[in-house]
Amino acid sequence: MANPTNGGPQTVPGVADAASPTGPLPQLNVLGQYIKDFSFENPNAPRSLQPTQAQPSINIQINVNAKPIADSDIEVELRVEGKAESAGNVLFAFELAYAGVFRLTNVPKESVQPLALIECPRLLFPFVRRIVADTISEGGFPPIMLQPVDFAALFRARAESAAATKS
């Protein structure tokens, strides 16, 4: 192992040696993340903020999209839409498009799409969850903590749907 005090590279015994025969290791780097679009509506306030006995019905939809923006860079967008209703009245509604730019290097072509649609949104999700919870709370309602999403299952369902439409 090189001495870190002399500015030389650090290696882990066995790891670099194992990677050398097969080439450089695949890497996923987050270059940036940001809110692309965001809307929160509380259309019936202050009436909607009054306590009620009925539990509101809450509908949440989550979609993932990815598009290349350079040879090794990809923008992944996590779109979350939600609405809470009680007795036919909308309590609140929100739409959030949260995105990140990721750099994928040394990734085999067949692994790019699964990586972009499974791992990248998994990295973005905690930020989306926090934005949604904070905004709903600031809107005067108890926060909604979005449950973890199985992005692998969403990817498989999307792939099966695409295969069914081709045949």
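Go ahead and estimate [θ] at 222 nm for the chain from helices alone: -39,500 (n - 2.57) per DSSP H run with n ≥ 4, summed, over the residue count, rounded to 500.
When only DSSP H runs of four or more count, the value is -8500 deg cm²/dmol.
Under 29 Å Cα-Cα from residue 109, which lysines qualify once same-chain neighbours fewer than 8 residues away are excluded?
Output for residue 109: 36, 67, 166.
Put one equal scatterer on each alpha carbon of the chain, apply the Debye formula with no solvent term, and list log10 I(q)/I(0) at q = 0.08, 0.10, 0.13 1/Å to two decimals.
Debye curve over Cα of the chain, log10 I(q)/I(0) at q = 0.08, 0.10, 0.13 Å⁻¹: -0.38, -0.55, -0.78.
Which of the peptides 29-36, 128-135, 89-96 is most tightly packed, and how do the rest follow, going by the mean number of other Cβ atoms within 10 Å of each residue?
Listed from highest to lowest mean packing, they are 89-96, 128-135, 29-36.
Between 159, 126, 105, whose Cα lies farthest towards the positive end of the dipole of region 37-166 when Lys and Arg beta carbons carry +1 and Asp and Glu beta carbons carry -1, centred on the Cα centre?
Of the options given, the answer is 159.
If you place +1 on the Cβ of every Lys and Arg, -1 on the Cβ of every Asp and Glu, and leave all else neutral, what size is the dipole of the chain about its Cα centre, to the nearest 20 Debye?
160 debye
What is the distance in Å between the Cα centres of region 39-96 and region 100-167?
Cα centres, region 39-96 to region 100-167: 15 Å.
Could you report the chain's accessible area per residue, 1.4 Å probe, as an integer in Å²?
Dividing the accessible area of the chain by its residue count gives 64 Å².
Find, to one decimal place in angstroms, the Kirkwood hydrodynamic radius of region 35-89, where the mean of 1/r is taken over every pair of different Cα atoms and then inverted.
One decimal place: 14.3 Å for the Kirkwood radius.
Of 127, 155, 102, which has the most accessible area and how do the rest follow, probe 1.4 Å?
127, 155, 102
At q = 0.13 Å⁻¹, what is the base-10 log of I(q)/I(0) for region 70-167 according to the Debye formula with one equal point scatterer per Cα and no solvent? Please give it to two decimals.
-0.60
The values are calculated or read from the model by the stated rules, or taken from the named source; none is laboratory data. Note that this is a predicted model, so its numbers are computed, not measured. Glycine gets a Cβ as well: all are built from the backbone with ideal geometry, and neighbour counts include every protein chain shown. We work out accessible area using only protein heavy atoms, side chains counted, and drop any ligands, DNA or RNA first. Shrake-Rupley method; radii C 1.70, N 1.55, O 1.52, S 1.80 Å.
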